[in-house]
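Please read the structure below before turning to the comments.
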Amino acid sequence: MEQKGKCPHGEFLLAEGCPQCIAERKAAGEEKARTIVELVEETGVPADNLKIEVQDDGSVDFTMKEEAPDTAVETVDIGYGIRALPGGDVVAVVKVGPGKDAVVVKLLEEVMRIKEYADKRVVQSPQDSKDAVNDIKGMGDLKKAIEEKRQEYVGPLNAHVKAVNDDFKLLTGPLAEADKVTRGKVTAYNNEMQRRQREAEEINRAK
């Protein structure tokens with residue numbers, strides 16, 4: 001048995017929908033499309049910036065979409081992936097997730113290929129030895145490439161850590177000096193008190 005539904009126009013087959021409702025929605029969609037074209041032509045405003053609503057009475061309301069504020073902040077590159085913000089603030093721009101880096105993935109594939117070949121390698125002749133030495137040289141070049149890639153990730157981080165440590169040394173340095181000076185003065189005071197006590201004891205013994 002076919003299921004039926006109801007709408008303002010009466011009953012309709014659920015599998016087919018109400019023909020009149022479908023026609024009205026189609027007409028509304030076409031009206032909205034025509035309205036968008038007309039508004040774009042009349043106002044010069046891009047369609048993406050228009051919010052259009054077709055009312056039940058067939059009238060069309062439109063408003064301008066609010067543009068998101070420009071949050072881009074101009075920064076100055078001061079090297080090693082560190083950028084200075086207006087006002088003196090500094091942010092570190094660092095790369096993360098080397099495991100997803102296409103170059104790193106390619107290097108890994110090359111390393112695993114070399115490792116597999118090295119495990120199976122047999123050196124039993126002068127030519128075998130020569131080939132192995134050449135491969136060792138190639139491994140040296142590969143190590144260099146890996147280190148250069150690693151520095152792309154850790155270089156900015158290390159530079160940022162150094163910059164942070166240098167800034168905090170402006171705090172810890174004077175504090176350490178103040179601690180040293182204060183301890184020295186306390187020690188000097190204690191030494192003086194001990195000296196006076198010894199003098200007093202010597203005077204008392206001499207009486």
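Within the range 194-207, the set of residues being among the hydrophobic types (A, V, I, L, M, F, W, C) and either surrounded by 10 or more Cβ atoms within 10 Å (Cβ to Cβ) or in contact with a strand residue (DSSP E or B) (Cβ under 9 Å, 6 or more places away or on another chain) (or both) comprises just one member, Ala200.
Okay, residues lined up against (1) without any contact (Cβ under 8 Å) to a residue 40 or more places away in the chain; (2) under 24 Å from the mean Cα position of the chain (by Cα); (3) closer than 30 Å to Lys115 by Cα:
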position	(1), (2), (3)
Pro126	yes, no, yes
Leu142	yes, no, yes
Val154	yes, yes, yes
His160	no, yes, no
Ala176	yes, no, no
Val186	yes, no, no
Tyr189	yes, no, no
Arg195	yes, no, no
Lys207	yes, no, no
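Selection over the range 140-157 of residues that are farther than 20 Å from Ala102 by Cβ and surrounded by 14 or more Cβ atoms within 10 Å (Cβ to Cβ) gives a count of 1.
Read-outs throughout are calculated quantities, based only on the coordinates presented, and are distinct from any laboratory measurement. Keep in mind that this is a model prediction, so the values were computed, not measured. A quick note on method: Cβ atoms are made from the backbone with ideal geometry, for glycine too, and the neighbour counts reach across all protein chains shown.
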